[in-house]
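What follows is a set of notes on a single structure, which appears directly below.
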Amino acid sequence: MPDLCVNIDHVATVRQARRTYEPDPVLAAVEAEAGGADGITVHLREDRRHIQDADLPRLKEVVRTRLNLEMAATDEMIGIALGLRPQLAMFVPEKRQEVTTEGGLDVASQAGRIGEAVRRLKDGGIAVSAFIDADPRQIEAAAAAGFDYCEIHTGPYAHAFHDHPGGLGHPAVAAELEKVRVAARAIAGAGMRANAGHALHTTNVGPVAAIAGLHELHIGHAIVSRAVFVGLRAAVAEMKAAMRGAR
């Protein structure tokens, strides 16, 4: 089954609500790994709404699996990534007023700028991923830009799953899942590795985890939400059990 990379951004969201020192996302990373996480993901947003610059070197020091840094493709963020040297850097689109990422990166419309950003990170020894929609045009553009990975945006599948309680028995849900499956094949065919994530939880994750060729799932909000009630170690373990059940 794919690995599970746990996004701990929303532990920092709680901390920033009071601009204080707790809960500490670095401790969250330790707890997530203790629960079975195969990697830790954080998104350093340009507005610094949750993860802060000072969190990054502390995370790099304590994470024992691998660290994935999500970021906008800007000069500032590229400089931060080159200084940090995470195992993976992922370019995502950012809109200042959005609550969470609303869609995939449009690589095709800005191929030159994105390709240069990818080159700078790869020259610094960092593998690079693109968060994209399950769109053949974006997959082709990502391959041309030199990305090592593409993370497929699973939001449309997750929202269809929520809107249609019949789950995979409903044509709309099955169609969105098939788009993810086809995208995973196309990414592999283009010489990249396929990851997936966004809006996945223990009820809807199984069909995605069962897709052949997916390397990692990146899941955060559902795990942190569940951790409020059972703790982070248990929430991560529950998610991994749900993923294993799909196999």
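Read the figures in this text as sums done on the coordinates, not as results from a lab. These numbers come from a predicted model, not from an experiment. Cβ sites come from the backbone with ideal geometry, for glycine too, and all protein chains shown count toward neighbours.
Observations on the model:
- Equivalent ellipsoid, the chain (semi-axes from 5 times Cα gyration tensor eigenvalues, Å): 25, 24, 16
- 3J(HN,Hα) along the stretch 61-73, derived from phi through the Karplus expression 6.51 cos²θ - 1.76 cosθ + 1.60 where θ = phi - 60°, amounts to 6, 9, 5, 9, 8, 8, 10, 10, 9, 8, 6, 6, 8 Hz, with x in place of Gly and Pro.
- Applying Stokes-Einstein at 25 °C and 0.890 mPa s to the Kirkwood radius of the stretch 129-247, computed over alpha-carbon pairs, gives a translational diffusion coefficient of 168 µm² s⁻¹.
- Subtracting the Cα-Cα distance of Val182 and Tyr21 from their residue separation scaled by 0.36 nm leaves 53.6 nm.
- Between Ala246 and His170, the contour length at 0.36 nm per residue exceeds the alpha carbon distance by 25.5 nm.
- Computed from point charges on the beta carbon alone (+1 for Lys and Arg, -1 for Asp and Glu), the dipole magnitude for the stretch 3-246 about its Cα centre is near 340 Debye.
- Cα radius of gyration and Dmax for the stretch 1-128 (Å): 14.5, 41
- Annotation: amide H-H contacts under 5 Å for Asn7 (H modelled 1.01 Å from N, sequence separation of 5 or more, or interchain): Thr41, Ile219, Gly220.
- Exposure proxy ranking, count of Cβ atoms within 10 Å, fewest first, for Asp24, Asp148, Asp9: Asp24, Asp148, Asp9
- Mean projection area, nm², convex hull over Cα of the stretch 185-231: 3.6
- For the stretch 4-74, the convex hull spanned by the alpha carbon atoms encloses 80 Å³ per residue.
- The GluC sites (Glu not before Pro) of the stretch 10-62 that meet both conditions, a loop assignment by DSSP and at most 13 other Cβ atoms within 10 Å of the site Cβ, are Glu46.
- Counted over all Cα-Cα pairs of the stretch 79-174, pairs farther apart than 22 Å make up 39 percent.
- Taking 14 Å as the straight-line reach from the Cα of Lys240, the aspartates and glutamates in range (excluding those fewer than 8 positions away in the same chain) are Asp3, Glu33, Asp38, Glu216.
- Over all other residues within a Cβ to Cβ distance under 14 Å of Leu121, the charged ones net out to -1, with Lys and Arg as +1 and Asp and Glu as -1.
- With both labels modelled 7 Å from their Cα along Cα-to-Cβ, the His221 to Thr13 distance reads 0.6 nm.
- With a simple spin-label model that places each label point 7 Å from the Cα along the Cα-to-Cβ direction, the separation between Arg58 and Ser109 comes to 3.8 nm.
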